[in-house]
Every structure is written in structure tokens, then in C-alpha cells.
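The values are calculated or read from the model by the stated rules, or taken from the named source; none is laboratory data. Owing to the predicted nature of the structure, the values given are computational and were not obtained by experimental measurement. Here the Cβ positions follow ideal geometry from the backbone for every residue, glycine too, while neighbour counts run over all protein chains shown. Surface areas here come from the heavy atoms of the whole protein model, side chains and all, with no ligands, DNA or RNA. Shrake-Rupley method; radii C 1.70, N 1.55, O 1.52, S 1.80 Å.
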Amino acid sequence: MPTRIRIELFSDTMTKPTAEMRRFMCDAEVGDEQKGEDPVVNLLQEMTAELLGKEAAVFLPSGTMCNQIAIKLHCRPGDEVLMDRTAHPLNAEAGGPAVLAGAIVSGLPGERGVFTAEQVRAAVRPITRYQPKTRLVSVEQTANMGGGTVWPLQTIQEVCGVARQHQLFTHMDGARLFNAVIASGVPAKDYAAGFDSVWIDLSKGLGAPVGAVLAGSKDFIFEAWQWKQRLGGAMRQAGIIAAGGVYALRHHVDRLAEDHANAKVLAAGLAEIPGINLNPKDVESNIVIFDIAKTGLTPPLLLEKLLAHGLRMSPVFPTRVRAVTHLDVSRSQVEEAVKIVRQVLQG
Ligand SMILES: *Cc1c(COP(=O)(O)O)cnc(C)c1O
């Protein structure tokens, strides 16, 4: 029998809708979203467009679909997309950019998931008959596999500036944009300003069960709707799930600060355990990535031992482990997590 997981640090995707969120979803007034008649889907789209300072937005089943539709709309087959080498579309979307857009993705060697305007400038290809056309730059805020790194506003503005000089489109994967907002105090609008497309995930730290919202110009969102339809992502009475998103935007944004505080406590505790390599200063939001090479264990081996104590984390190959705090993880649980890791490593 599998051990019951008591402390779930695998991902912030593991959040479950709270009783209040469920009640709000249950009471949602619904209609046909494809006809524009679902009031809650419409509201969620308007709220998101407003928060991100864009003309329009479309509710989609997942963040992956937001990335894929945006890349498809910005690129023609043979075009090149620049993003960090750790970025989600390059590593975790089953080759989607190649399949759907016919685009190639070049991974830039950023620092903890954050690259510079200079790196973009150096990577943009001259227009020749031989080379793919560099078409799009994508920024991941926060940088997930970078360790939840918050892109500084200035770096974003510089990257968007270079993109504009070279007539590249710009896209923000804002799966955890609100974590960046809460960590830095910079409004979402300001982070989003330079981007042609930007999306937020409702099913990560915000705690809704399903969905993401992609925003951009009216024309861009009209075409995104066509792709939503084409891919079979267009739903019917989707207000029942969109309500989870509306509730999350109203009630679960400010509380992300607790997750960040818990991640700092977790990082400070883990950093003191011999064999673990982690700089607590690198932990800026709700993600803690630490290296275990010196413990002599591989990530799967360590994770199995932690699981036996009811603690779940995720592997980052080849020698690192990721722990993510979220709304279903308390301060006492992160303190206990540190104790479990210490116990497992020190016997
Ligand atoms: C989770 C995630 C996605 C994909 O979102 P889904 O809703 O799981 O499809 C994309 N980018 C980043 C950075 C993510 O963390």
C-alpha cells in the first residue's frame, strides 16, 4: 500500500479547491462559453485582461494550451523561438512548438532561468536565405526550473526593448506571474506591458482546479479563439470551472506571501543539512531547488525515502530536487519537512 502523503511539496499544481471555492463554483451562473454567454467565463476573461493591461483575454483549459496557441500565432513554420533553456515549452510540452507551430526553439543559457537583453541580441539571427527567422522571445515569470526566480522588471524591459528593435514578438509564460507580483510588489500590468501575449495559470499557486487565461490584443485573442475551437479546447458551461479562477483572483493572490515565507523557512532549514547544496538567498518565491550530489543519493532514491515518511518532492535531474510551497502546505509542515529530510540523510 502506498504511504499516505502528509506533506505535499511535489508542486503547487497539487492544491485542491477550498470549501469556499467549491461553494462559489457550485453557485456559478453558467451559459455556453462558445457563444459568449457564460457570464463567469466572460467575467474571468475581463478580470484577467484588466489585471494584465491587455485588450482581451481567453479562458483555456491549461497553461500549456496558452503557450502553444501563442507560439502558433506568433510563428510561421521554420521560425525560431528564443527562451531560457529551462523553459516549460522546451522541456515539458511534448515538443509542441515543433508539432503545432513548426517552430524550432533555442534555449538560452540564462542564470537560474533569467537571460539578459545582451543574450537575446547575440542570439537574434541575421536575415539570410540559410537561417531560420528568429521570430519570438518568451520569458517565464517566475522561472520555474530556475528555482522560482523573479525576473526583475528592468531585465524584462531591456529584453522587450531588444526584441522590439529586431521586430520580434514577445510572449510571457506567466504561470506564476502573481508569485512574482507578490514577491516584488510590481503590479502584473507593469510586468506584462512589453509583451504581445501573456497568460496566467489558475491551477498552480492560485489554487483553482482547472484553467489558464491568455491575454493580448483584440485581434490576437480573436485568432486564439479560433485555435481554441480548432484544438477542441472550446468548452460549454465552463463557468463552473472558471468560477474557481474568479474566486482565486479575488482571494488567493495576497496569500501567496505565506507560501513565499514558508519556502524561505524550508530553504533555511535544508541549507543547514550536510550534503545539501542550496543558497537560501536564491529562494525568491514558492520554489526551492536544492542539489543533493554530495549526499551520494540520486533524486529518485532520496524521494523514495522521503515518501516513506509521507513527504513528497519532485526530481530535477540529474542531481537536484524541487520542493514547492502552496496553499495546502502550512508552516508547521515545512518545519516537519526539514526534520524528515535531516532524519533521512543523517540516519
Ligand atoms: C505548469 C506550467 C506550464 C503549463 O501549465 P499547465 O496548466 O500545467 O498546462 C507552463 N509554464 C510553466 C512555467 C509552468 O510552471
*So what's the stretch 18-75 giving for Cα Rg divided by 2.2 N^0.38 Å, two decimals?*
1.31
*Indicate, rounded to the nearest 5 percent, the antiparallel portion of the DSSP beta bridges found entirely in the chain.*
50
*asked:* Please give me the summed charge of the neighbours of Pro61: other residues whose Cβ is under 12 Å from its Cβ, Lys and Arg +1, Asp and Glu -1.
replied: -1
*Could you give me the ³J(HN,Hα) list for the stretch 324-338, computed from phi with Karplus coefficients 6.51, -1.76, 1.60 and θ = phi - 60°, whole Hz, x at Gly and Pro?*
10, 8, 6, 5, 9, 10, 9, 4, 5, 5, 5, 5, 5, 4, 4
*asked:* What whole-number volume per residue, in cubic angstrom, does the convex hull of the C-alpha atoms of the stretch 277-347 give?
replied: 90
*Run the dipole for the stretch 284-347 about the Cα centre, Lys and Arg Cβ at +1, Asp and Glu Cβ at -1, nothing else charged, and hand back the magnitude in debye, nearest 20.*
160
_Dipole of the chain, positive end: most advanced residue of Ala94, Ala175, Ser62 [Cβ charges, Cα centre]_ = Ala94
*Please list the non-local residues whose amide H lies under 5 Å from the amide H of Thr170, H modeled 1.01 Å from N, same-chain partners needing a gap of 5 or more.*
Val137, Asp196, Ser197
_Reach of Lys16 by Cα under 26 Å, taken over lysines that are not fewer than 8 positions away in the same chain_ = Lys204, Lys228, Lys264, Lys305, Lys339
*All Cα pairs of the chain, percent lying beyond 28 Å*: 44
*Determine ³J(HN,Hα), in whole Hz, for all residues of the stretch 57-70 in sequence, where each value follows from phi through the Karplus function 6.51 cos²θ - 1.76 cosθ + 1.60 and θ = phi - 60°; x replaces Gly and Pro.*
8, 10, 7, 10, x, 7, x, 4, 5, 4, 4, 5, 5, 5
_Stokes-Einstein diffusion coefficient of the stretch 84-141, Kirkwood radius over Cα pairs, 37 °C, 0.692 mPa s, in µm²/s_ = 266
_Compactness of the stretch 182-240, expressed as Rg and Dmax over alpha-carbon positions, Å_ = 13.7, 38
_Nearest-20 debye value, the chain charge dipole, Cβ charges on Lys, Arg, Asp, Glu_ = 800
*What do you reckon, how do Ile240, Ile292 stack up by accessible area (1.4 Å probe), largest on top?*
Ile240, Ile292
*Leaving ligands, DNA and RNA out of it, report the carbon-plus-sulfur percent of the accessible area of the stretch 31-251 at a 1.4 Å probe.*
52
*Measuring with a 1.4 Å probe in the full set of protein chains, what accessible area per residue, in whole Å², belongs to the chain?*
43
*Carbon and sulfur %, accessible surface of the stretch 252-347 computed with the full protein complex present, 1.4 Å*: 52
*Counting helices only, and only those DSSP H runs with n ≥ 4, report the 222 nm mean residue ellipticity of the chain as the sum of -39,500 (n - 2.57) divided by its residues, in deg cm²/dmol to the nearest 500.*
-12000 deg cm²/dmol
*Each label point is 7 Å from the Cα along the Cα-to-Cβ direction; what then is the distance between the points at Arg76 and Lys339, in nm?*
6.3
*Of Val329, Ala293, Ala212, which is farthest along the charge dipole of the stretch 211-347 in the positive direction, counting Lys and Arg as +1 and Asp and Glu as -1 at C-beta?*
Ala212
